[in-house]
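The values are calculated or read from the model by the stated rules, or taken from the named source; none is laboratory data. The shown structure was predicted, so the numbers you read here are calculated from the model rather than taken from an experiment. All Cβ positions, glycine included, derive from the backbone under ideal geometry; neighbour counts span all protein chains shown. Each accessible area value is taken on the protein alone, full model and side chains, heavy atoms only, with ligands, DNA and RNA left out. Shrake-Rupley method; radii C 1.70, N 1.55, O 1.52, S 1.80 Å.
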Amino acid sequence: MLREKTIPAGQYASNTFCSSSIFSFGFCGAVMAVGIWTLVDKSDYISLLSSNTYSAAAFILIGAGAVVVLTGILGCCATIREQRGLLRVFFVLLLLIFLLEVTAGFLAYVYYQELNAELRADLKERMVQNYQQPGQEHITRAIDNLQQDLKCCGSNSSADWREGAWIQIFADGRLVPDSCCKTPTVACGVRDHPSNIYKVEGGCISKLEEFILQHLIVLGSVGLGIAFIQIVGMIFTCCLYQSLKEEIY
């Protein structure tokens, strides 16, 4: 004997649930895109950070987006076949995504609080001690890109380049690296006048901090926003689970 169904309530819950499952695919693309954008956009800058929190939050978003794909497929299958077992698995996956998104949002918030202190403690040392040093080509490239892209010079100011190993060994008469110049040419760094190089109050620290904060705000907002959507999904799952009655033999 087939199970008895409460047609109106069950059908309504199933339709709503399936729609929300399909809707999650769109958010999957958005979540993964934000995570990838955070890692790819000026990715060289990440090598200048001593903490892995920034990249960890982005990887969590990408992982959560991948789980959403599996969750959406499972949600539709559970709805069509009306199996409570699949709904339980679906609920657990939604809970997992929720925890991942909250973690990404939390990491973004925590890193926001400690970002300024980290940059001031580490960026200057990396710039003046590692620039153009053997085996530090990725740091050199990151610093050159940073100074050109963000139109800045030095960690706190262009005067920072008067310290460290670079000016003693590799400067060759230059006061600042050529990447500090408004129009980069070979040996243009011999003049550190504001008409020739970027003189920015707060140096590259203020510029990099502003850049990272913009990304962290997006990371945190997307993480917490998707977490709220997962709560709605879990509520729909419970409603559908209750609307499906056990089979009577």
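General observations
- Among residues of segment 128-151 being in a helix (DSSP H, G or I) and more than 24 Å from the chain's Cα centre (by Cα), the one that is farthest from CYS204 (Cα to Cα) is GLU137.
- Any chance LEU100 is at pLDDT 75 or above, more than 30 Å from LYS151 (Cα to Cα) and either in contact with a helix residue (DSSP H, G or I) (Cβ under 6 Å, 6 or more places away or on another chain) or not hydrophobic (A, V, I, L, M, F, W, C) (or both): yes
- Flag for ALA13 being open to solvent by 10 Å² or more (accessible area, probe 1.4 Å), of a type in the set (A, V, I, L, M) and either touching a strand residue (DSSP E or B) at 6+ places or on another chain (Cβ under 7 Å) or at pLDDT below 65 (or both): yes
- Taking every residue in segment 204-217 that is under 9 Å from TYR112 (Cβ atoms) and part of a helix (DSSP H, G or I) and pairing it with any residue that is modelled with pLDDT under 85 and not aromatic (Phe, Trp, Tyr), at least 6 positions away or on another chain, the pairs with Cβ-Cβ distances below 6 Å are LEU216/ALA108.
- Restricting segment 222-238 to residues that are at pLDDT below 75 and open to solvent by 60 Å² or more (accessible area, probe 1.4 Å), the residue that is farthest from GLY154 (Cα to Cα): PHE236
- Among the candidates LEU93, LEU86, residue that is of a type outside the set (Phe, Trp, Tyr), touching a helix residue (DSSP H, G or I) at 6+ places or on another chain (Cβ under 8 Å) and at pLDDT 75 or above: LEU93
- Count of residues meeting criterion [among the hydrophobic types (A, V, I, L, M, F, W, C) and touching a Leu at 6+ places or on another chain (Cβ under 8 Å)] in segment 146-186: 5
- Hits in segment 125-166 - residues which are aliphatic (A, V, I, L, M) and surrounded by fewer than 18 Cβ atoms within 10 Å (Cβ to Cβ): ALA159, ALA165
- Scan segment 172-191 for residues that are open to solvent by less than 40 Å² (accessible area, probe 1.4 Å) and of a type in the set (Asp, Glu) and the total you get is 1.
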